[in-house]
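Each value in this text was obtained by applying a stated rule to the coordinates, not by laboratory testing. Small disclaimer: the values here were computed from a predicted structure and weren't measured. Cβ: placed from backbone, ideal geometry, glycine included. Neighbour counts: every protein chain shown.
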Amino acid sequence: MLELLDQNKTFHLQTKETSLVYHVLETGHVTLVYWGKKINSHSLSYVIQDIKRASYLSNTDGIKDFKLEQIPQAYPSFGNTDLRTPSFELLFADGSRLTRLRYTGYYVEETKQPIPGLPTTTGEDAKTLVIEMTDDYRQIKVSLHVSVFFEHNVITQHVSIENQGDKTLSIEKMMSGNIDFLSDNFDYCYLSGAWGREAHRKSQALTQGTFKLDSKRGASGHGQNPFISLASKGAKEDYGELYSLNLVYSGSFEASVEVDMHQNSRMQIGINSFDFSWELHPETTFHTPEVVMVYSDQGYNKLSHIYHDFYRQCLLPKSSIDRELPVAINNWEVTYFDFNKDKLLGLAEVAAKTDIDLFVLDDGWFGKREDVTSSLGDWVANEEKLGGKLSELIEGIHELNLDFGLWLEPEMVSPNSDLFRAHPDWIIHVPGYEPQISRHQYVLDLANEEVQDYLISTLTDLFTNNKIDYVKWDMNRNITDSGSTYLGVGEQRELGHRYILGLYRILDVITTKFPHILFESCAGGGGRYDPGMLHYMPLTWVSDGSDPIERLPVQFGTSLIYPPSTMSCHVSETPNHQMGRFSPLDTRHVVAMQGSLGYELNLVNKEASELDELKEYVNQYKSIRHLIKRGQFTRLTEVDDVNHYSWQFISEDRQNMIVSYVQLLAKGNTVPKRLRLKELEEEAIYQVNEHSYFGSELMSIGLSLKKVTHDFYAMSWKINKL
Ligand code: DGJ
């Protein structure tokens, strides 16, 4: 896992298939000489020596031809002869920003340590190399904590900075990861979108300059994901090299790639330095969030396989690992706010008859909430609407043999609420300005420990007094008016990060206290679909767009990094409420079965025959849900094929699989083609309906596709190895 060469000046970190090599120069600069496919151990110092010197760059430390700007570094600093973007920036009490970090030593941790206050990936066999660098004049120590997950082919890193001096300094920027490449021959790939159409996969050619992707929203956001990747030219689902960074963080982040004058690239990811600073007092340490680094030598599918396995085993809550995905009915698109006890129980009764497992009561059950204008913060049941106590409704649902789930939006407060009337100072705002209101709500100041404690005790009471099996934790607006009356003057730019630390503290306490509750994260859909939230909540409502056709690129993009088992996907009405589009029931199911299946369908107004059909789908899903949860997911079509989407899941024992295919628009006078499968055993025989085929046939010739006679056409196959 870790080889020390050159009298401990070269660190060769190895996973099963990859290598990451640091080399410490005579000057004490720590260089990152290699990241990629596994190589044989070597000092690799020649990589630096062989760099041909460019003109007009400064020498460093008075050494002739030592041009730091060309050297690939592990954690470059500001104010030196490398004039590219530094990985961190500090402001000292005397106004100076200059730092000169030099290597001072390393140590190895045999067990991976948690990062204080932040979600951390864990693994029994993970080892951590800590590389220490100091600036003796400023008395600061910067440590890179690099963990190796050998079997997973994953390397993670977080960075800490300790103030060993006697004066407070200000951190202005502190990235979690900085990767320098001696090439710019890449495309950069990322996920972007908007509310209702999140996580579309994009890629573009790199050119000289800086490409930056960020969120300033206080959440990772609908428009971008804390992920960035460099891909070799022409990379496809099963071909090409990819170098990817994914940040375990749910707040404002930045990710960038800078291409310099000499065709080198620098890729970074971390907390957004925009509107961020942190007062680092003497004898205190600041820790960045963790970045998960994955290299794939076989395109996007392999990248996904690595991330999926790793997140399932090393990130998601342990309590969720053995739990089957429940088939849910959620009343949101069925009733919106217009419900009472009878309506809910009526829906639940039909759901139970349809073999659904879980009833989720969405927004509108508390305070005086009849629409979005009131009551967030007053987490007390509206007994008039529910026809009695919440516990009685839950009992009614449980009697139908359904689990019970409840919607909450704990981070928010409505101006028209008892909570706001009692604590107007608990919201994020700047005194003197009327705070902006969005969806008729304010954001609670989670940097304030009193607010955190209040939420912990309110939720503890709610979950103790009611037999709740599932919680949908929503968050429906971003942070404006960034100011906290709780934080000091010099701490105001700490608010964004302190909010997230406060949120993580609440989630940590609550999910530890109530491990039996399954949590679904939601932020108006995928407005906070990131590894930070996944650490506490193994499900995420992928998008408020529930139209299956709109969902296809969203789910495909999401699946690039996050396991499909974490995607909450519901079959909704046709015409779809957001798009007005009509789509066949079968297509809606095929798309929703790519993740954790649920319904937002008014089952009460369906004919008996339709309910029979739904029951069949539910049971079909139950027979494959172990595949969705634990199987290997592979995309069969390329992302630029916008008319066809196809994917497969293979079970862990590779005995069963499910293959799905959707064609968006029918085409005039075309002949049906075939669909080639992937990752089968060439010699093995597979049963497809009444036929059997060799694996090699299915991979090279493929399944026969039907002639498509209408738009939004779906097919799926269940395949067993004989
Ligand atoms: C936004 C969510 O994404 C919806 O599913 C629903 O829960 C509403 N909020 C309720 O207000």
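Close amide H contacts of residue 520 (hydrogens built in the peptide plane, cut-off under 5 Å, sequence separation of 5 or more or a different chain): 471, 472, 473. For the range 93-110, the Karplus equation 6.51 cos²θ - 1.76 cosθ + 1.60, evaluated at θ = phi - 60°, returns couplings of 4, 8, x, 7, 10, 6, 9, 10, 8, 10, 4, 10, x, 8, 8, 10, 9, 6 Hz by residue, with Gly and Pro reported as x.
The long axis of helix 608-630 is offset from the longest Cα principal axis of the chain by roughly 30 degrees. Placing a label point 7 Å from the Cα of residue 338 along the Cα-to-Cβ direction, none of the residues of the range 577-620 has a backbone N under 13 Å of that point.
Spin-label pair residue 109-residue 718: with each label point 7 Å from Cα along the Cα-Cβ axis, the two points sit 4.6 nm from one another. Debye sum, Cα scatterers, the range 510-665, no solvent: what log₁₀ I/I(0) at q = 0.11, 0.18, 0.20, 0.21 1/Å? With one equal scatterer per Cα and no solvent, log10 I(q)/I(0) is -0.44, -1.19, -1.41, -1.50. Overall size of the chain from C-alpha positions, given as principal axis extents largest first: 84, 69, 45 Å.
Between residue 692 and residue 136, the contour length at 0.36 nm per residue exceeds the alpha carbon distance by 193.1 nm. Projecting the Cα atoms of 666, 257, 515 onto the charge dipole of the chain (Cβ charges, centred on the Cα centre) puts 666 farthest toward the positive pole.
Among the GluC sites (Glu not before Pro) in the range 535-611, those placed in a DSSP loop whose Cβ has at most 12 other Cβ atoms within 10 Å are 607. Summarising the amide proton neighbourhood of residue 59: residues at separation of 5 or more, or on other chains, whose placed amide H is nearer than 5 Å comprise an empty set. A Förster distance of 30 Å, applied to the separation of the beta-carbon atoms of residue 83 and residue 26, puts the FRET efficiency at 0.85. Per-residue extension of 0.36 nm, minus the Cα-Cα distance of residue 55 and residue 380, leaves a gain of 110.1 nm for this segment.
Computed from Cα positions, the angle between helix 299-314 and the longest principal axis of the chain comes to roughly 80 degrees.
Per-residue 3J(HN,Hα) values for the range 16-31, derived from phi via the Karplus relation 6.51 cos²θ - 1.76 cosθ + 1.60 with θ = phi - 60°, read 3, 10, 10, 10, 9, 10, 9, 9, 9, 7, 3, 6, x, 6, 9, 9 Hz in sequence order (x marks Gly and Pro). For the range 393-442, the alpha carbon positions stretch 53, 20, 13 Å along the principal axes, listed from largest to smallest. In this label model, residue 39 and residue 102 are separated by 2.8 nm, measuring between points 7 Å along each Cα→Cβ vector. Gyration tensor analysis over the Cα atoms of the range 303-384 returns equivalent ellipsoid semi-axes of 32, 19, 11 Å (largest first, whole Å). Under the convention that each Lys and Arg Cβ holds +1 and each Asp and Glu Cβ holds -1, the size of the dipole of the chain around its Cα centre is about 1720 debye.
In summary, the lysines within cross-link reach of residue 707, defined as a Cα separation below 21 angstrom excluding same-chain residues under 8 places away, comprise 667, 673, 718. From its DSSP helices (H runs of at least four residues, each -39,500 (n - 2.57)), the chain gives a residue-normalised ellipticity at 222 nm of -6000 deg cm²/dmol. Pairing the Cα long axis of helix 495-513 with the longest principal axis of the chain, what angle in degrees results, from 0 to 90 and rounded to the nearest 10? The answer is roughly 50 degrees.
From least to most packed, judged by other beta carbons within 10 angstrom and beginning with the fewest, 541, 365, 717 follow the order 717, 365, 541.
Amide hydrogen proximity for residue 236: with H placed 1.01 Å from N in the peptide plane, the residues at 5 or more positions away or on another chain lying under 5 Å are 300. In terms of surrounding Cβ atoms within a 10 Å radius of their Cβ, 63, 228 rank from fewest to most as 63, 228. Based on alpha carbons, the Rg and Dmax found for the range 203-356 are 21.9, 70 Å. The simple spin-label model puts a point 7 Å past each Cα toward its Cβ; for residue 401 and residue 709 those points are separated by 3.8 nm. Charges were assigned to the Cβ only: +1 to each Lys and Arg, -1 to each Asp and Glu. The resulting dipole of the range 625-722 about its Cα centre is roughly 320 debye. Positive end of the dipole of the range 129-209 (Cβ unit charges, origin at the Cα centre): among 209, 160, 131, the Cα lying farthest that way belongs to 209.
The alpha carbons of the range 18-101 give a radius of gyration and a Dmax of 14.3, 47 Å, in that order.
For the range 51-191, lysine pairs with C-alpha atoms less than 20 angstrom apart, excluding pairs fewer than eight positions apart on the same chain, total 5. Peptide packing: for 407-416, 32-41, the average count of neighbouring Cβ atoms within 10 Å per residue gives the ranking 407-416, 32-41, highest mean first. Relative to the globular-protein estimate of 2.2 N^0.38 Å, the Cα radius of gyration of the range 112-230 stands at 1.31.
When only the Cβ of Lys, Arg, Asp and Glu is charged (+1, +1, -1, -1), the dipole of the range 158-212 relative to its Cα centre reaches about 320 debye. With R₀ set to 51 Å, the beta-carbon distance separating residue 286 from residue 585 gives a calculated FRET efficiency near 0.45. A simple rule links phi to the HN-Hα coupling: the Karplus curve 6.51 cos²θ - 1.76 cosθ + 1.60 with θ = phi - 60°, which for the range 142-148 gives 10, 10, 9, 9, 10, 9, 10 Hz, with x for Gly and Pro.
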